[in-house]
1. For ILE109, enumerate residues with amide H under 5 Å from its amide H, sequence gap 5+ or separate chain, H modeled in the peptide plane.
2. Counting only heavy atoms of the protein chains, get the accessible area per residue of the chain (1.4 Å probe) and round it to a whole Å² value.
3. Name the most mobile residue of GLY133, GLY28, GLY66, meaning the one with the largest mean-square fluctuation, in a Gaussian network model of the chain with Cα contacts below 10 Å.
4. Given the pairs LYS153/LYS234; LYS153/LYS267; LYS128/LYS152; LYS100/LYS128; LYS128/LYS153; LYS100/LYS152, which span a C-alpha to C-alpha distance of over 23 angstrom in this model?
5. How much of the accessible area of segment 92-235, in percent, comes from carbon and sulfur atoms when a 1.4 Å probe is used?
6. Can you give the extra length, in nm with one decimal, that the chain gains between ASP198 and GLN238 once fully stretched, where that is 0.36 nm per residue apart less the Cα-Cα distance?
7. Which whole-Hz ³J(HN,Hα) couplings does segment 267-278 yield from phi under the Karplus relation 6.51 cos²θ - 1.76 cosθ + 1.60, θ = phi - 60°, glycine and proline marked x?
8. Name the shape class, rounded, prolate or oblate, that the alpha-carbon gyration tensor gives for the chain, where a ≥ b ≥ c are the square roots of its eigenvalues, rounded holds for a/c under 1.5, and otherwise prolate holds if a/b is larger than b/c and oblate otherwise.
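The values are calculated or read from the model by the stated rules, or taken from the named source; none is laboratory data. Predicted model only: the values in this text are computed from it and were never measured. All Cβ positions, even for glycine, are placed from backbone atoms using ideal geometry, and neighbour counts span all protein chains on display. Heads up: the accessible areas ignore ligands, DNA and RNA and are worked out on the full protein's heavy atoms, side chains in. Shrake-Rupley method; radii C 1.70, N 1.55, O 1.52, S 1.80 Å.
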Amino acid sequence: MSSTTTISLNDSNAIPQLGLGVWKADGGQEVEQAVLHALSAGYRLIDTAMVYQNEDGVGRAIAQSGIDRQELFITTKLWNSDQGADKVRPALLASLERLKLDYVDLYLIHWPMPARGLYVETWKELIKLQSEGLIKTIGVSNFNIEHLEELKKHTSVLPAVNQVELHPYFQQRELREYCHANSIRVESWSPIGGSTGDLLNNDTLQELAAKYGKSPAQVVIRWHLQHGLIVIPKSTNQSRIQENIDVFDFELSSEHMVLIDSLETGKRFGPDPASMNIH
Ligand code: A2P
């Protein structure tokens, strides 16, 4: 495993296993600098979303970096208010314009919003846009098993990726098993517990960090990688961006993996997809 390790997807594309998340990064200089730092540190996967309001800045950094487009893996997401058959295409085209790209590597439905009942028709639209080459890989975010089952019932294409809240306090075991059985890769958001979660102060993680001579964030990122998860820690700080990719010179023992597995609390930090209907 190295910083360039990729994971194969059910559509025969591949995604870098470690990337930079940019939720809450300001859309001006902040996101631009963060992406440039990440690209020079060796990151190739950048994860943004329309609702983060920083696609423009991500696009400026990509253009400045001079890195070949084929080497990059850019993810963005369809916001909730853009669900519905006729809204998806204009939303994607607007994201592409802000990113200054002619395709995205991965496009995700950001939330299922079950109360609105639009995610199946929205998914069908993503399938069409993929066949036109505007999206390489299509996926979803925050889908529970029942939402994935609906897609399975009504279409012949399952998402390649499901990006969900996932960290040692909320491990999504049942969903991970379901996704594994259905060839859907799981990508962890808030992988190090987000900005409010206090995960990194956990005693066990602190002790493990001291044992391996790494930081608690590095231990947690390594836990995701060794579980085969795709992981996108967010940082806008250059040294933490570097720290978060500096995780390929150590390996957690199976005993310590199990110890981190035991930190499950069953509690999310973020919204519950079954009832999240903000648009
Ligand atoms: P910052 O951007 O100032 O580095 P998550 O990816 O789980 O949502 O977590 C993101 C939060 O964790 C952000 O507040 C980010 O702040 C912080 N963070 C990112 N990397 C590290 C790190 N290596 N150590 C401590 N905090 C970090």
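1. LEU78, GLY139, VAL140, SER141
2. Details: 11680 Å² over 279 residues.
So the chain comes to 42 Å² accessible per residue, rounded to a whole number.
3. GLY66
4. Working: LYS153/LYS234 34 Å; LYS153/LYS267 29 Å; LYS128/LYS152 16 Å; LYS100/LYS128 21 Å; LYS128/LYS153 18 Å; LYS100/LYS152 33 Å.
Check vs 23 Å cut-off fails for LYS153/LYS234; LYS153/LYS267; LYS100/LYS152.
5. 47
6. Working: separation 40, 0.36 × 40 = 14.40 nm, distance 2.11 nm.
Gain on stretching ASP198 to GLN238: 12.3 nm.
7. 10, 7, 8, x, x, 8, x, 5, 10, 7, 10, 6
8. Working: a/c = 1.72, a/b = 1.25, b/c = 1.38.
Taking the square roots of the gyration eigenvalues as a ≥ b ≥ c, the chain is oblate.
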